[in-house]
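Asks: So that we are looking at the same thing, I have put the structure below in structure tokens.
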Amino acid sequence: MSARYIILLALTGVALTALPWLVDGLLGITWVRILSFAALYVLLALGLNITVGYAGLLDLGYIAFFAVGAYTYALLSSPQFGLHWPLWATLPLAAAAAGLFGLLLGTPLLRLRGDYLAIVTLGFGEITRIFINNLNAPVNITNGPQGVNQIDALRIGGIDFSQALHWGEVTIPAAYMPCLLFLALAGAVAWASTRLEVSRVGRAWQALREDPLAAAACGIDLRRYKLLAFALGASAGGLAGALFAGFQGFISPESFSLTESIMILCMIVLGGMGHVPGVIAGALILAILPEALRALGPLQQALLGHVWVDPADLRMLVFGLALVAMTLLRPAGLWPRGHAGRGD
Amino acid sequence: MTPMLQIDQLHVAYGRIEALRGVSLSLAAGERLALIGANGAGKTTLLKAIAGLLPVSAGEIWLDGRRVERMGAHMRLPQGLALVPEGRGIFPGLSVRENLLMGAYCRADSGAIADDLAAQYSRFPRLAERREQLAGTLSGGEQQMLAIGRALMGRPRLLLLDEPSMGLSPIMVEKIFATLREVCTHGVTLLLVEQNARLAMDLCDRTVVLEHGQLTLEGASADLARDPRVQAAYLGQA
């Protein structure tokens, strides 16, 4: 690790820390909440990028891992079972549970490729959601469609991420707290992803994605690296899920629909599969776009005197147009990975 | 002396269809063996089974005195085996250099790997010129060179080649075979599958003929080349 690299990391850290203040100053406090959600989407997109972008295993049911993480956290820190486990236990457990689910899913999928893999993962995503939806009888575990309520806030040591933090003269507003936590974790996962990409494991995934048979002929254990890609991708999703549950205080099966899986996939396709900066950009754009489009309502009112097109309808239109335009103009994504001179 | 490769009554099936029906053969260290046969005779299947890319339904494979037929491909490679797959099987989205380095995936001796990389570049100057180019943009002949270079990066003692002449111009085929001849002078044992029987029998000391999953003829290449059955079926002579 060169000095330049460490300086770059430190600067990124400072910039991420300053981000909530900047966003609040420029756009207002609601945007800090939007940024928090966007950071969660970045986490999800980075996780899916491991499975799809690095290893080339098309997973259309990724949101299931998010759900597993969210429910793991929710059941361990809510009145549902009267459990209130600390964050340092629940967060890793949620990631581990999702990772284990990734392994469970990955094992029967080892022999499938391409479209077949995509279809089975899609099915798995739906099965998970419907399972959670119905797991309120005969024994009530998930509370079914009503979801889990009054989930504990994210709290570690003396720090409560739902409350303002007073630290001597400095006060960090309550809205900034989860945002800072999510940014920190998203940053950490992004960093780990870039390290993974150039590691031995990353090279194995790359070979697997390019040509599985040739990869096997190079002595790469396909089974092992496929499972690793599923498990690692899933655990990032599980982590995001736990954060989501703690942040919202309430979760229900509705949040884990197929549309969400597709949305996260769109993020990495839009940004540039397998390229961490591109994936982050894609996630931020698609997470923020709907919020930004809200402004079009008042704008129409002011300019045209009437809201002609509901911003909510506009959202899907713009989204679709953006994807079509991207497929035509930048098929590899907005910010794809350069091919030559990798690893320097 | 233990043979480099010994196969005993090997059976491989795709579902219910038996592609190999009791194949036995033995290869001494440093020997060059040509495997010829018509389309669908099971040649590729045999190579894949040896490399561990296909499960074996019955029989034994011994690699330099070790029984390997139940091992995965990733376990067999470090024991000195490399396969150049049919149709080249390179990584099109990786650069030439990255492709070559992937061939040394199982090795940890980075210094020696760098030496071997340089050796491939001097063996194939075309690859040296294009080292940062994406492999998918290479011509067919260059891709075949790359596939061979990548296999050699694993420092194999046994090299399995699946139709290296496929789809190449005669000049390129000549170059590839000259390279193989040179590689063999370093003591590499060669198992060559070829449609172009004449070329293969020229390069190899011994030839076996595979038909419908069974070996039907076996002998010194020079003798087999005079066999009327071989001449009629594989050398295009009446």
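Computed from the coordinates by the stated procedures, all read-outs in this text should not be read as laboratory data. Just so we're clear, the structure is a prediction, and the values are computed from it rather than from any experiment. For neighbour counting, all protein chains shown are included, and Cβ atoms are generated from backbone atoms with ideal geometry for every residue, glycine included.
Asks: Before anything else, pin down the relative contact order of the range B:117-238: Cα pairs under 8 Å, at least 6 apart, normalised by residue count, whole percent.
Replies: Numbers: 106 pairs, mean separation 20.7, N = 122.
Once normalised by length, the contact order is 17 percent.
Asks: Could you estimate the translational diffusion coefficient of the range B:1-128 from the Stokes-Einstein equation, with Rh from the Kirkwood formula over C-alpha pairs, at 37 °C and 0.692 mPa s, in whole µm²/s? Walk me through the numbers before you get to the answer.
Replies: Details: Rh = 16.4 Å.
For the chosen part, D equals 200 µm²/s.
Asks: Let me ask something else. Along the three principal axes, how long is the protein assembly as shown when you take its alpha carbons, biggest first, rounded to the nearest angstrom?
Replies: Projected onto the principal axes, the Cα atoms of the protein assembly as shown cover 92, 56, 50 Å.
Asks: List every residue whose amide H lies under 5 Å from the amide H of A:L83, counting only residues 5 or more places away in sequence or on a different chain, with H placed 1.01 Å from N in the peptide plane.
Replies: HN-HN under 5 Å from A:L83: A:S78.
Asks: For the range B:122-134, in order, what is each residue's ³J(HN,Hα) by Karplus, 6.51 cos²θ - 1.76 cosθ + 1.60 with θ = phi - 60°, in whole Hz (x at glycine and Pro)?
Replies: Coupling constants for the range B:122-134: 7, 6, 10, x, 4, 5, 5, 4, 10, 4, 9, 7, 5 Hz.
Asks: I would also like to ask the following. Starting from the exponent 0.38 and prefactor 2.2 Å, build the expected Rg for chain B from its residue count and divide its actual Cα Rg by it. Show your work: numbers first, answer last.
Replies: On the way: Rg = 17.4 Å, N = 238, 2.2 N^0.38 = 17.6 Å.
The reported ratio for this selection is 0.99.
Asks: Restricting the calculation to Cα positions, tell me the Rg (one decimal) and the Dmax (whole number) of chain A in Å.
Replies: 20.6, 67
Asks: From zero up to wherever the largest Cα-Cα distance of the range B:133-194 sits, split into 10 Å bins and tell me the percent of pairs in each.
Replies: Final binned percentages: 21, 56, 22, 1.
Asks: Using Cα pairs closer than 8 Å and at least 6 residues apart in sequence, work out the relative contact order for the range A:243-339, in percent. Walk me through the numbers before you get to the answer.
Replies: Details: 86 pairs, mean separation 31.1, N = 97.
Contact order relative to length: 32 percent.
Asks: Right, next: Take peptide A:199-210, look around each residue's Cβ out to 10 angstrom, count Cβ atoms belonging to other protein chains, and average those counts. The partial results should precede the final answer.
Replies: Numbers: counts 0, 2, 0, 0, 5, 3, 0, 5, 6, 1, 3, 11.
Shielding by partners across A:199-210 averages 3.
Asks: Could I ask something else about it? Enumerate the amide H contacts of B:E69 below 5 Å, restricted to partners 5 or more residues apart or on another chain; note that Pro and chain-start residues carry no placed amide H.
Replies: Amide H neighbours of B:E69, under 5 Å, 5+ apart: B:I61.
Asks: What are the aspartates and glutamates whose alpha-carbon lies under 13 Å from the alpha-carbon of B:K175, with same-chain residues fewer than 8 places away excluded?
Replies: B:E142
Asks: Provide the per-residue ³J(HN,Hα) series for the range B:212-225, in order, calculated from phi with Karplus coefficients 6.51, -1.76, 1.60 and θ = phi - 60°, each as a whole number of Hz, with x at glycine and proline positions.
Replies: 6, x, 9, 7, 10, 9, 7, x, 4, 4, 4, 5, 5, 5
Asks: Can you list residues whose amide H is under 5 Å from B:E211's amide H, if they're 5+ apart or on another chain and H is modeled 1.01 Å from N?
Replies: B:T216
Asks: How would A:Y5, B:Y121 line up from fewest to most surrounding beta-carbon atoms within 10 angstrom?
Replies: Working: A:Y5 9, B:Y121 18.
Ascending number of Cβ neighbours within 10 Å: A:Y5, B:Y121.
Asks: If you line up the long axis of helix B:170-184 against the longest principal axis of chain B, both from Cα atoms, how many degrees apart are they, to the nearest 10?
Replies: 90
Asks: Around A:L48, with a cut-off of 13 angstrom between Cβ atoms, what is the net charge of the other residues, counting Lys and Arg +1 and Asp and Glu -1? List each step's numbers first, then the result.
Replies: On the way: positive: none; negative: A:D59, A:E260.
Result for the neighbourhood of A:L48: -2.
Asks: OK, next. Would you work out the relative contact order for the range A:3-257, in percent, from Cα pairs under 8 angstrom that are 6 or more residues apart? It would help to have the intermediate numbers written out before the result.
Replies: Details: 421 pairs, mean separation 97.5, N = 255.
About 38 percent, as a whole number.
Asks: With 10 angstrom as the radius, rank B:C106, A:C179 by how many other C-beta atoms surround their C-beta, starting from the fewest. Let's see the in-between values first.
Replies: Numbers: B:C106 18, A:C179 27.
Exposure proxy ranking, most exposed first: B:C106, A:C179.
Asks: Right, next: Output the antiparallel fraction of DSSP beta bridges having both residues in the protein assembly as shown, as a percent to the nearest 5. Please list the in-between numbers first.
Replies: Details: 30 of 48 bridges.
Bridges in the protein assembly as shown are about 60 percent antiparallel.
Asks: Then there's this: Give me a comma-separated list of calculated 3J(HN,Hα) values for the range B:48-54, in order, Karplus coefficients 6.51, -1.76, 1.60 applied at θ = phi - 60°, integers in Hz, x for any Gly or Pro.
Replies: Ordered by residue, 3J(HN,Hα) equals 5, 5, 5, 6, x, 8, 9 Hz.
Asks: Just tell me, in residue order, which DSSP H segments of chain A are both 24 angstrom or longer along the helix axis (alpha-carbon based) and at least 0.0 in mean Kyte-Doolittle hydropathy. Intermediate values should be presented prior to the final figure.
Replies: On the way: long enough: A:3-27 (35 Å, 1.64); A:30-48 (27 Å, 1.86); A:87-109 (33 Å, 1.62); A:114-134 (30 Å, 0.70); A:176-197 (31 Å, 1.17); A:222-248 (39 Å, 0.86); A:276-294 (28 Å, 1.70); A:311-329 (26 Å, 1.71).
Span-like helices here: A:3-27, A:30-48, A:87-109, A:114-134, A:176-197, A:222-248, A:276-294, A:311-329.
Asks: In deg cm²/dmol and to the nearest 500, what is the mean residue ellipticity at 222 nm of chain B if only DSSP H runs of at least 4 residues count, each as -39500 (n - 2.57), divided by the residue total?
Replies: Numbers: 10 runs with 85 residues, N = 238.
Value at 222 nm, helices only, nearest 500: -10000 deg cm²/dmol.
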